[in-house]
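The block underneath contains the structure these notes are about, expressed in structure tokens.
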Amino acid sequence: MHSMVCVCGVALALAAGSGCRRGDPRGTPPPPAPTAPATTAPPAQVPGFAFPFEAAKPTALRAVDAFPSLRLERPLWLTHAPGDPQHLYVVQQGGQVLRFEHRPDVETAEVFADFSSRIRQRHNEEGLLGLAFDPGYAENRLVYAVYSASNPRRTQLSRFAAPLGKRVDLASEVEILGVEQPYGNHNGGMVAFGPDGHLYLGLGDGGAAGDPHRHGQDLQTLLGTIVRIAVGPEIETYAVPSDNPFVDVAGARPEIWAYGLRNPWRFSFDRQTGALWCGDVGQDEIEEIDRIERGGNYGWNHREGTRPFSRRRAEGPFIDPVAEYGHDQGQSVTGGFVYRGTALADYRGSYLYGDFVTGHVWALQADGNEVRAHARVANVPGLASFGEDAQGEVYALSFEGRILRFQSRKAGGTPRTFPTQLSRTGLFTDLVSLTPNPALVPYAVTVPFWSDGADKRRWVFVPPGEVVEYDPTGPWSFPVGTIAVKHFEWTGDAPRRLETRVMIHEREGWAGYTYRWNDAQTEADLVTAPATGEHPGPGGTTRRWRYPAGSDCLRCHTPGYGQALGLRTRQLAGTEPGRALITTLVERGQLQPEPGPAVASAAHPRLDDDAAPIGLRARAYLDVNCAPCHHPGGPAPGGLDLRVDTALADAAIVAVVPDSGLGIEGERRIVPGHPDRSSIWVRTGRRGQRAQMPPLASLRSDDRGRALLARWIEDMAR
């Protein structure tokens, strides 16, 4: 992290494990002039909708005490536990993890864990450095901690159990990974679960100054890297994911996800896009912010930021930082978060990060690696780290013992806020009757995605004058400002409105939001953390429903498949409302090129159309429910391609041994004639386990869909 005597930095937003630098820290420089976002088109004109489609020009922020009555000792991480949005957890470098109620007037915090007997803290950058809750923590009660240990001196990643209502049980420790450290600084220490469910760990180059052992470019060591591993209650220590970049590279550690880093003190995942951002602490001149890519080499110690280091070769292939700053602005970067909260709508999509030495906090807006706006917006003395609560609000932790939140300093008027209630979005003119805004056009799809038996209604808005790029078989391309709305409800004997999901094509890409209807069925509130609700069902039964947070939406709405999943020819051309939408867009001149007269022939068959071949219907089912993840370049491993246009022989599905088996005798992904030995069919019937498919937001299996797949698999042997 940051040394109090001699400092080493690397760029933008807290640095854990800084090394030694010649000379004294420089004085605080004047702030850089804010720059306006660079755009290539005017903001979308949206009739009555309240969603901001791009971040506004950053305005000044004020850092204020979030919990004025709490005082801490060297806090360096703040987080929340899955299933527990009512509490926050703070890591103190000395070894304690504190738990307290998430309310401004909280006065006390309880000890959730005390690792002080385990840790080594002989150097300013040693101690308890990181904490991550297992994604299934609400059920399995597992916690992962990173701390400095002795005999030998090392960075230790371990798993612990935290029984319900009790402290972390130190006796339950399972040592996952230990990495020996030649020196006491540059320990990294950030640990977090990615949206893929794997655990990521940041490790510095081993310490001292200048990387004397040249670990940064050495793939035979984990020092100077970000590690990606699979962990969980069913794995004894850890496993290496098969899609890690160096699995098949001779002489390379397969755990490595990215390398060439000096000290990745803090990194974070954008909860909307899944992008991995990192603040890498610099040496003599440059601090940097990186967007971490699979297999990426970030250049240390051949270069510092984009500049050659100590006359070393500075050619790549290296990945340039998204942003960097010199030591006239700060000297030890502290990585932060892409802001996805609701209190500061002007900052939505901005990466907030800072500097430990000067306390400066910047807001960075980037389109890919192209910076559109970058401005200093606040100051936090002793800035050790940032943290994020379940709602996506960002906090700053100061070694002064405080947790701070940010307020807008905007003069005059009311700062923009994101609509946290459905009634404030402008999507509906009357919530009682669910009357849509006249600008929304209704549509329906031929093969609905399985959603635990809920019925759905759908609408879409395309900004006037903007054009949708038509594709007869693949995804359509939609302009900025497009809004797709999908409403979920139970009908029949126990009707209930469940949720209304919104997909918005913002300036920086698609974003998803979920609004959960209240028990009175009069309003729906923005979901900021995944939750499960229990609701009355037919005949006095209880039905459960999984409410995903907006960050979950893009786990299915993947870029490679097309993020507006149902808005494509195969889904629209087979229904009357879908064809009406196509006609409407054509009449408005908004669908180009115009579809030909044979557009209906491209439609999926209905799943209940017994006149259609069973193979076509089964492939349509897999295309809609599975292909968004299982396609080339998709987030699911294993090489499956379940898109309907892929020939079955090329789909890697029939008679193929699965990468992660279920322990079934004679198991294959599909065994012709044997659904019970076909892992794809078995997984569709599992719930409450990691092997279930689909893996997200489903608590009930699709019996009709499974019957269709079973008939198809049986027919393969005939």
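This table checks each residue for (1) part of a loop (DSSP other than H, G, I, E, B); (2) under 17 Å from SER385 (Cβ atoms); (3) open to solvent by 10 Å² or more (accessible area, probe 1.4 Å).
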residue	(1), (2), (3)
GLU236	yes, no, yes
ASN244	yes, no, no
ALA252	yes, no, yes
TRP257	no, no, yes
ARG262	yes, no, no
PHE267	no, yes, no
GLY274	yes, no, yes
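Of the numbered criteria (1) modelled with pLDDT of 90 or more; (2) on the phi > 0 side of the Ramachandran plot, the one VAL90 fails is (2).
Yes/no matrix, rows are residues, columns are (1) out of contact with any Leu (no Cβ under 9 Å at 6 or more places or on another chain); (2) farther than 27 Å from GLY562 by Cβ; (3) hydroxyl-bearing (Ser, Thr, Tyr); (4) touching a residue at least 60 places away in the same chain (Cβ under 8 Å):
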{"position": "THR646", "(1), (2), (3), (4)": "yes, no, yes, no"}
{"position": "LEU662", "(1), (2), (3), (4)": "yes, yes, no, no"}
{"position": "GLY673", "(1), (2), (3), (4)": "yes, yes, no, no"}
{"position": "ILE680", "(1), (2), (3), (4)": "no, no, no, no"}
{"position": "MET693", "(1), (2), (3), (4)": "yes, no, no, yes"}
{"position": "ARG700", "(1), (2), (3), (4)": "yes, no, no, yes"}
{"position": "GLY705", "(1), (2), (3), (4)": "no, no, no, yes"}
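Among the residues making up the range 368-385, those that are open to solvent by 20 Å² or more (accessible area, probe 1.4 Å) and outside any strand (DSSP E or B) are GLY368, ASN369, PRO381, GLY382. Take the range 183-201 and flag every residue that is outside any strand (DSSP E or B) and either exposed (fewer than 15 other Cβ atoms within 10 Å of the Cβ) or within 24 Å of the chain's Cα centre (by Cα) (or both). Within the range 183-201, GLY188, GLY189, MET190, GLY194, PRO195, ASP196, GLY197, HIS198 qualify.
What about ARG153, is it free of Cβ contacts under 8 Å to residues at least 40 places away in the same chain and more than 28 Å from GLU110 (Cβ to Cβ)? For ARG153, the condition - free of Cβ contacts under 8 Å to residues at least 40 places away in the same chain and more than 28 Å from GLU110 (Cβ to Cβ) - is met. Which members of the range 623-660 meet the condition of being under 17 Å from TRP681 (Cα atoms) and touching a Ser or Thr at 6+ places or on another chain (Cβ under 7 Å)? Hits for the range 623-660 are CYS629, PRO658, ASP659.
(1) of a type outside the set (A, V, I, L, M, F, W, C); (2) under 28 Å from THR532 (Cβ atoms); (3) within 25 Å of the chain's Cα centre (by Cα); (4) at pLDDT 95 or above: which one isn't true of THR417, the others all being true? THR417 satisfies all of (1) of a type outside the set (A, V, I, L, M, F, W, C); (2) under 28 Å from THR532 (Cβ atoms); (3) within 25 Å of the chain's Cα centre (by Cα); (4) at pLDDT 95 or above except (4).
Checking each residue of the range 543-553 against the condition of being open to solvent by 30 Å² or more (accessible area, probe 1.4 Å), within 21 Å of VAL460 (Cα to Cα) and not in a strand (DSSP E or B) gives at least one match. Figure legend. Inter-residue proximity from the range 521-549: first residues touching a residue at least 60 places away in the same chain (Cβ under 8 Å) and over 24 Å from PRO135 (Cβ atoms), second residues among the polar types (S, T, N, Q) and in a loop (DSSP other than H, G, I, E, B), beta-carbon distance below 9 Å, spacing 6+ or different chains. Indicated pairs: ALA524/ASN518. Within the range 495-510, is there a residue that is surrounded by 15 or more Cβ atoms within 10 Å (Cβ to Cβ), over 18 Å from PRO436 (Cβ atoms) and of a type in the set (A, V, I, L, M)? No.
Residues are listed down the side, and each one gets a yes or a no for (1) at pLDDT below 95; (2) in contact with an Asp or Glu (Cβ under 7 Å, 6 or more places away or on another chain):
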site	(1), (2)
ASP24	yes, no
THR40	yes, no
ALA55	yes, yes
ARG103	no, no
PHE112	no, no
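Contact map, the range 430-451: residues that are without any contact (Cβ under 8 Å) to a residue 24 or more places away in the chain paired with residues that are of a type outside the set (Val, Ile, Thr), Cβ distance under 7 Å, separation 6+ or inter-chain. Pairs shown: THR435/PHE428.
Tell me which residues, restricted to the range 140-178, are surrounded by 17 or more Cβ atoms within 10 Å (Cβ to Cβ), more than 27 Å from the chain's Cα centre (by Cα) and under 21 Å from GLN220 (Cα atoms). Those that are surrounded by 17 or more Cβ atoms within 10 Å (Cβ to Cβ), more than 27 Å from the chain's Cα centre (by Cα) and under 21 Å from GLN220 (Cα atoms): ARG153, ARG154.
Cβ-Cβ contacts under 7 Å between residues 6 or more apart (or on different chains), taken from a first residue in the range 603-622 that is within 10 Å of LEU709 (Cβ to Cβ) to a second residue that is open to solvent by 10 Å² or more (accessible area, probe 1.4 Å) and assigned to a helix (DSSP H, G or I), are listed as ILE614/ARG711; ILE614/TRP712; ILE614/ASP715; ARG617/LEU708; ALA618/LEU708; ALA618/TRP712; TYR621/LEU708. Only one of the listed residues (ASP320, ASP284, ASP346) is of a type in the set (D, E, K, R) and closer than 30 Å to ALA50 by Cα. That residue is ASP346.
The values are calculated or read from the model by the stated rules, or taken from the named source; none is laboratory data. All values reported here derive from a predicted model rather than from experimental measurement. Heads up, the Cβs are rebuilt from the backbone with ideal geometry, glycines too, and the neighbour counts pull from every protein chain shown. The area values use the complete protein model at the heavy-atom level, side chains included, leaving out ligands, DNA and RNA. Shrake-Rupley method; radii C 1.70, N 1.55, O 1.52, S 1.80 Å.
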